[in-house]
Amino acid sequence: MKPSREEAFTLLKKYNESPALIKHALAVEGVMRRFARESGEDVEKWGTIGLLHDIDYERHPDEHCKKAAEILAAEGVDEEYIHGVCSHGYGICSDVEPTHRMEKVLYAIDELTGLVNAAAIMRPSKSVMDLEYKSLMKKYKSPNFAAGVDRRVIERGAQWLGVDLKFLVDETILGMREVADSIGLGAPA
């Protein structure tokens with residue numbers, strides 16, 4: 001099965017109750033959709049894989065990506081989607097290597113969306129709508145800020161994609177702006 005967006009969102013909520021994890025999945029979905037659209041790729045497929053990428057994280061954080069494969073296979077999801085989901089943990093919690101451009105984008109932006117989120121909520125506006133590259137990079141260079149975000153993963157992902165960090169960051173911010181209201185980072189009321 002190649003799940004529709006609605007089916008993928010239902011699956012995500014079946015295995016995750018944490019609002020933070022659901023918002024993260026929505027952020028990653030938004031960024032994946034942006035990258036797909038800008039690359040002329042399958043927006044629905046890329047977005048769905050982004051939405052499902054952490055399906056196992058809430059229940060099985062110590063077996064992240066391994067349990068995702070089991071869960072998705074049991075739900076009848078196509079192997080191509082499972083490979084895409086599991087590849088974002090390559091070298092961290094998975095031995096599934098990202099080979100397709102879509103998988104490399106997911107690998108690169110997963111951690112980056114967390115950093116963008118952290119930077120946005122520290123702004124007076126609490127919004128991604130006014131966050132810019134220069135401001136984010138000040139936070140990026142501070143190892144104590146969002147210390148759990150592995151900058152090496154982001155940089156490796158950019159290298160695999162053959163893009164500079166500025167392009168990756170700018171596109172990630174723009175993708176998150178597109179879904180800002182659904183992830184709680186929209187314009188202040």
Q: Among the residues of the stretch 151-169, write down those that are closer than 22 Å to Leu51 by Cβ and free of Cβ contacts under 8 Å to residues at least 60 places away in the same chain.
A: Ile154, Gly157, Val169
Q. How many residues are surrounded by 24 or more Cβ atoms within 10 Å (Cβ to Cβ) and either farther than 18 Å from Thr113 by Cβ or aliphatic (A, V, I, L, M) (or both) if we restrict to the stretch 26-55?
A. 8
Q) So is Lys139 of a type in the set (Lys, Arg) and more than 21 Å from Glu178 (Cα to Cα) or not? A) yes
Q) Is it true that Ile22 is under 20 Å from Gly184 (Cβ atoms) and surrounded by fewer than 23 Cβ atoms within 10 Å (Cβ to Cβ)? A) yes
Q: Output the number of the condition that Cys93 fails; it satisfies all remaining conditions of (1) at pLDDT 95 or above; (2) more than 19 Å from Glu29 (Cα to Cα).
A: (1)
Q: Have a look at Cys93, Cys65, Cys86 and point out the one that is of a type outside the set (Phe, Trp, Tyr) and on the phi > 0 side of the Ramachandran plot.
A: Cys65
Q | Among (1) modelled with pLDDT of 95 or more; (2) in a helix (DSSP H, G or I), the one test that Ser127 misses | A | (2)
Q | Within the stretch 106-150, tally of residues that are touching a residue at least 24 places away in the same chain (Cβ under 8 Å), over 17 Å from Asp54 (Cα atoms) and in contact with a helix residue (DSSP H, G or I) (Cβ under 9 Å, 6 or more places away or on another chain) | A | 17
Q: Check Ser87 against each of (1) modelled with pLDDT of 95 or more; (2) under 23 Å from Leu11 (Cβ atoms) and name the one condition it does not meet.
A: (1)
(Q) Restricting to the stretch 68-109, count the residues that are assigned to a helix (DSSP H, G or I), surrounded by fewer than 24 Cβ atoms within 10 Å (Cβ to Cβ) and of a type in the set (Ser, Thr, Tyr). (A) 2
Q. Conditions: (1) over 22 Å from Ala20 (Cβ atoms); (2) of a type outside the set (Ser, Thr, Tyr); (3) in a helix (DSSP H, G or I); (4) touching a Lys or Arg at 6+ places or on another chain (Cβ under 6 Å). Ala119 meets all but one. Number of the miss?
A. (1)
(Q) Can you tell me which residue is surrounded by the most Cβ atoms within 10 Å (Cβ to Cβ) among those in the stretch 124-148 that are over 17 Å from the mean Cα position of the chain (by Cα) and closer than 22 Å to Ile22 by Cβ? (A) Leu131
Q.
Quick check on this structure: which one of Glu17, Glu58, Glu7 is at pLDDT below 95 and out of contact with any Pro (no Cβ under 8 Å at 6 or more places or on another chain)?
A. Glu58
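The values are calculated or read from the model by the stated rules, or taken from the named source; none is laboratory data. Just so you know, these numbers come straight off a predicted model, no measurement behind them. Here the Cβ is made from the backbone with ideal geometry for all residues, glycine too, and neighbour counts use every protein chain on show.
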